[in-house]
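Asks: Sharing a structure, written as structure tokens. Questions coming.
What follows draws every value from the coordinates through simple rules; no lab data is involved. Computed from a prediction, not measured in an experiment: that's the story for all the values here. Virtual Cβ from ideal backbone geometry, glycine too; neighbours counted across all protein chains shown.
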Amino acid sequence: MKVSVIGMGYVGLVTGVCLAEKGHQVVCVDVDQEKIEKINQAIPILYEKGLEELLKKNIQVNLQATTDLHKAVIETDISFITVGTPYRGNEIDLSDIREVSQQIGEALRDKSAYHVVVVKSTVVPGTTDEVVIPILEKASGEKAGVDFGVSVNPEFLREGEAVQDFMFPDRIVLGGMDAKSIEVLEQLYSVFSGIDLLKTNNKTAEMIKYTANALLATMISFSNEIANLCSAIGGIDAVDVMKGVHLDKRLSPIMPNGKRIVPYFTTYLEAGCGFGGSCLPKDIKALSAYGTKAGSPMRLLEAVTEINQERPEKVLALLKKHFPVLDGVQVAVMGLAFKPGTDDIRESPAIPIIEALLKQGAKIKAYDPMAKHNAQKLFVNKDVVFCDDLAQTIDNVQAVLLLTSWEEFKRIPELLHSRDQSPLIIDGRRMLPKDSVTRYEGIGL
Ligand code: UGA
């Protein structure tokens, strides 16, 4: 089928590239000319594992990129909206959704064939029916459900694993204003066989997306609240507590051969320095704000955000236990990305931690295997030394803060032993065995 994808963030680009790989004819659209030129030259505009190869393979074959939204809509059967929906002020910011809906509507005015508009961006329930459809109808002069269809097809793509998650989905949720809109999407996704397909209305599809992310965030904050209590009591390690909880056969089922299935899900039930990224923090805040507006305040989710926002302070408190005055203290910040496998630093706990360290006069060295360039842009002209390797970063520091669980950080104990160095290690992700270094502090210990 012929598809246009509007908005070239990681969701849009991965959607476009993967649909092309699956045999559809795809046009990627963005207002940013530079992004479009790069995509057309098969230069990846962001890092996603496996994306570059698929982009190179499909570009100018099944895939093109353009800034001409009008033409892209006219020449395709389906348009995906994949623009950003940030949280601003005290609610979701729908400006880009409105703008793109307006432009799609104007293009539909010049098109007679039936077209389906699909909202893939994460939007609060009701947005598609109450905001997108009226804009499309007004701008096109046409009737939704007659001249064009409107669907919601949320994405469940983890950053860093987005290509894999798109190519091998665990579920496909197809919302639609009517059966015809859903049918068109079903046809598009028929190239993915054997996947659980859930057909529903637009509002429910929108709610599924938020509920899925809210559950993940709640599990993380729940684990962190338990970790807070463990630290406060003393003599309890939250890691052992959560291990004991994970052994519940409802969380990690025992197979007939006696072996356990350890679901990936349990990785959200671990103590740490908090969740970040471009999705979880903003989605939880947007849903909470939406709940209040709808007369059903989300008290649990408000606490989830509050607990998460306190995580950086917990890391700093561990540091201050040993260095009550941070002025002049040499600190290595290990990990800037919000999670391993990505160069994304948005809402990373490393940001408030570096800001606090700077304020208190600590001497900071920072290292991340992928996110250095992004962090440098954020802390430009700030007194942070960005290092190129692990060994250099921990050289002559008094404390090491582990904030992202990059696999290579597991080498730290070995490196320190070989150099006879014993800085204080503060394990914000509980990724090192606690007896592997001389001076260890960890979240939830
Ligand atoms: C998340 C969801 O996992 C995806 O299903 C969803 O599609 C996506 O948001 C989205 O809405 O687009 P992502 O933001 O890539 O994906 O993040 P995750 O891999 O889920 O990790 C979220 C955060 O939780 C990271 O900061 C991670 O470090 C943190 N985390 C994870 C913890 O703090 N503790 C844990 O035990 C596990």
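Asks: Could you estimate the translational diffusion coefficient of segment 209-368 from the Stokes-Einstein equation, with Rh from the Kirkwood formula over C-alpha pairs, at 10 °C and 1.306 mPa s, in whole µm²/s?
Replies: Working: Rh = 17.5 Å.
Translational D for this selection: 91 µm²/s.
Asks: So who's got an amide H within less than 5 Å of the one on Ala42, skipping anything under 5 residues away but keeping other chains? H placed 1.01 Å off N, in plane.
Replies: Sorted by chain and number, the residues that satisfy this come to none at all.
Asks: Distances over 19 Å make up what percent of all Cα-Cα pairs in segment 231-314? Don't skip to the end; give the middle numbers.
Replies: Values: 1978 of 3486 pairs.
Value for segment 231-314 (Cα pairs over 19 Å): 57 percent.
Asks: Cut-off under 14 Å on the C-alpha distance; same-chain residues fewer than 8 positions from Lys314 excluded. Which aspartates and glutamates are left, in chain and number order?
Replies: The qualifying aspartates and glutamates are Glu225, Glu306, Asp427, Glu441.
Asks: Where does each of Met167, Met242 land when they are ranked from fewest to most other beta-carbon atoms within 10 angstrom?
Replies: Values: Met167 15, Met242 20.
Going from sparsest to densest Cβ surroundings: Met167, Met242.
Asks: Hey, how many Å between the Cα centroid of segment 285-301 and the Cα centroid of segment 360-426?
Replies: One Cα centre to the other: 38 Å.
Asks: Provide Rg and Dmax in Å for the chain, with only Cα atoms included in the calculation.
Replies: 23.8, 75
Asks: How much mean residue ellipticity at 222 nm does the chain get from its helices, if each DSSP H run of length 4 or more adds -39500 (n - 2.57) and you divide by all residues, to the nearest 500 deg cm²/dmol?
Replies: Working: 17 runs with 181 residues, N = 445.
Result for the chain, helices only: -12000 deg cm²/dmol.
Asks: Report the gain in length on full extension from Val31 to Leu415: 0.36 nm times residue separation, minus Cα-Cα distance, nm rounded to one decimal. Provide the component values of the computation, followed by the final result.
Replies: Values: separation 384, 0.36 × 384 = 138.24 nm, distance 4.72 nm.
133.5 nm is the gain from fully extending Val31 to Leu415.
Asks: Does segment 99-257 come out rounded, prolate or oblate, given a ≥ b ≥ c as the square roots of the eigenvalues of its C-alpha gyration tensor, rounded meaning a/c under 1.5 and, failing that, prolate meaning a/b above b/c? It would help to have the intermediate numbers written out before the result.
Replies: On the way: a/c = 3.59, a/b = 2.19, b/c = 1.64.
It comes out prolate by the Cα gyration axes.
Asks: Let me ask something else. Can you flag which of Lys38/Lys285; Lys2/Lys111; Lys57/Lys180 are past 22 Å Cα-Cα? Don't skip to the answer; put the middle values down first.
Replies: Details: Lys38/Lys285 34 Å; Lys2/Lys111 15 Å; Lys57/Lys180 33 Å.
Cα-Cα > 22 Å for Lys38/Lys285; Lys57/Lys180; rest within.
Asks: With a sphere of radius 13 Å drawn around the Cβ of Ser252, what net charge do the other residues whose Cβ falls strictly inside it have (Lys, Arg +1; Asp, Glu -1)?
Replies: The answer is +4.
Asks: Using the structure shown, list the pairs from Lys339/Lys410; Lys49/Lys243; Lys243/Lys434; Lys365/Lys410; Lys203/Lys282 with a Cα-Cα distance above 21 Å, or answer none. Write out the running numbers ahead of the final one.
Replies: Details: Lys339/Lys410 15 Å; Lys49/Lys243 30 Å; Lys243/Lys434 15 Å; Lys365/Lys410 18 Å; Lys203/Lys282 19 Å.
Where the Cα-Cα span goes over 21 Å, the pairs concerned are Lys49/Lys243.
Asks: Report the antiparallel proportion of the DSSP beta bridges in the chain as a percent, rounded to a multiple of 5.
Replies: Numbers: 5 of 54 bridges.
Rounded to the nearest five, the antiparallel share is 10 percent.
Asks: May I pose another question? Across segment 1-107, what fraction of all alpha-carbon pairs, as a whole percent, falls in each successive 10 Å bin from zero upward?
Replies: 16, 49, 28, 7, 0
Asks: Can you tally the net charge around Thr404? Count Lys and Arg as +1, Asp and Glu as -1, for every other residue whose Cβ sits under 9 Å from the Cβ of Thr404. Can you show the working numbers first?
Replies: Working: positive: Lys339, Arg429; negative: Asp368.
That sum, taken over residues with Cβ under 9 Å, equals +1.
Asks: What is the set of long-range amide H partners of Leu157 at a cut-off below 5 Å, with H atoms built 1.01 Å from backbone N?
Replies: Distant-sequence amide H within range of Leu157: zero hits.
Asks: For Glu225 and Glu75, what is the calculated FRET efficiency with R₀ set at 51 Å and r taken between the beta-carbons, to the nearest 0.05?
Replies: Details: r = 52 Å, r/R0 = 1.02.
It comes out at approximately 0.45.
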